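S.K.: Got a structure for you, questions after.
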Amino acid sequence: MLRKDKNAVICGAGGAIGGAIARAFAREGAKVFLMLVSLLASLDAVAVWAQGSKYPPLSEYMMAPEAEVALARSAAPEKVSARATVKILTPSGYKVAAQGDNGLVCMVMRGWAAATSSTAQERDLIYYAKLRAPICFDPVASRTVLPLQELQAKLGMEGKGPDQITEAVQAAYAKGELPRMEAVSFGYMFSADQDLGPGFGAWHPHMMVYTPYYENSMLGGNEVESGLPVVGDGGTPFAVTVIPVADRLAVKARLR
């Protein structure tokens, strides 16, 4: 018996052919180890990245944890962000990296935050892996807007496109899986290091005021570069009033 006391490692031995090969080796006295190779084997290492044709590698969306905490805190003045909870992106979604006590939550949104935008150009920002949008949600936005952002990130990390994300978000609202907006809520976006995408970059420090179903015309129809309040995604549940503040208030990210 030429294979006595030998080991046989058979890759991809999950089907009939692999089984036949294994039995043949066993008849010759070999110890058989079946190595089933499948896509599911990667689940223990990283979250599933069911990448669409437009998506860059998931690694390009990631940051070193310490750098992401610093960038998240740069969304607001230190007296606000120093006591806020900080969440960072991991292969399995956003996780708490630092626990705060003032009810605010700071995070760095990625391009998936634009998935439900009203223009195709903005929706395509989900494929811009360098987008970094630090924000600190007030207590109301932490209860209402933050779960939406986390769901959109989860769906994006599963490789879903903007239309699929929008449909899933609408379904989640219909089923009561996402909380409805309780009232007007706020988010600080003061970071000097934010990258809001091509054509915007760091832009200006600003406040995000979540104002469902508001229209830009209700505030006078202001232009984005006017320095005046402007409503984005007007008329939708995701309408947000952006109020620029003085550039001198921008906050630089710094490691502690």
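Where a number appears in this text, it was derived from the coordinates with a stated rule and is not lab data. Since we're looking at a predicted model, the values are computed, not measured. Neighbour counts are summed over all protein chains in view; Cβ atoms, including those assigned to glycine, are modelled from backbone coordinates with ideal geometry.
S.K.: How would you rank 217-228, 233-244, highest first, on the average number of other Cβ atoms within 10 Å across their residues?
M.R.: Working: 217-228: 12.5, 233-244: 18.3.
Averaged packing, sorted descending, gives the order 233-244, 217-228.
S.K.: Moving to a separate point now. Go through segment 111-120 residue by residue and turn each phi into a ³J(HN,Hα) via Karplus (6.51, -1.76, 1.60, θ = phi - 60°); whole Hz please, and just put x for glycine and proline.
M.R.: With the stated coefficients, segment 111-120 comes to x, 4, 4, 8, 4, 9, 5, 8, 10, 4 Hz.
S.K.: Follow-up. Place a point 7 Å from the Cα of residue 177 along the Cα-to-Cβ direction; which residues of segment 126-155 have their backbone N under 20 Å from it?
M.R.: Under 20 Å, as judged by backbone N against the label point of residue 177, lie 143-155 of segment 126-155.
S.K.: Under the rule of at least 5 residues apart or a separate chain, name every residue whose amide H is placed under 5 Å from the amide H of residue 118.
M.R.: Under 5 Å from the amide H of residue 118 lie the amide H atoms of 233, each far enough along the sequence or on another chain.
S.K.: Right, another one. Whose amide H sits under 5 Å from the amide H of residue 109, counting only residues 5 or more places off or on another chain, with H placed in the peptide plane?
M.R.: Here the answer is 133, 135, since their amide H atoms fall under 5 Å of that of residue 109.
S.K.: Set the bar at 24 Å for Cα to Cα. Now go through 54/130; 130/175; 54/95 and name every pair that lies beyond it. Walk me through the intermediate numbers first.
M.R.: Details: 54/130 14 Å; 130/175 33 Å; 54/95 26 Å.
Correct reply: 130/175; 54/95.
S.K.: Residues with amide H under 5 Å of residue 193's amide H, sequence separation 5 or more or different chain, H placed in the peptide plane at 1.01 Å from N; which?
M.R.: 253
S.K.: Using per-residue counts of other Cβ atoms within 10 Å, averaged over each peptide, order 134-147, 92-105 from highest down. Each step should come with its number before you reach the end.
M.R.: Numbers: 134-147: 21.6, 92-105: 14.8.
For the peptides 134-147, 92-105, the packing ranking is 134-147, 92-105.
S.K.: Report the per residue volume, in Å³, of the convex hull enclosing the C-alpha atoms of segment 77-143. It would help to have the intermediate numbers written out before the result.
M.R.: Numbers: hull volume 7.2 nm³, N = 67.
About 107 Å³ per residue, rounded to a whole number.
S.K.: Related question: Whole-Hz Karplus ³J(HN,Hα) for segment 176-183, in order, using 6.51 cos²θ - 1.76 cosθ + 1.60 and θ = phi - 60°, x for Gly and Pro?
M.R.: Per residue, the Karplus-derived 3J(HN,Hα) values read x, 7, 10, x, 6, 4, 6, 5 Hz.
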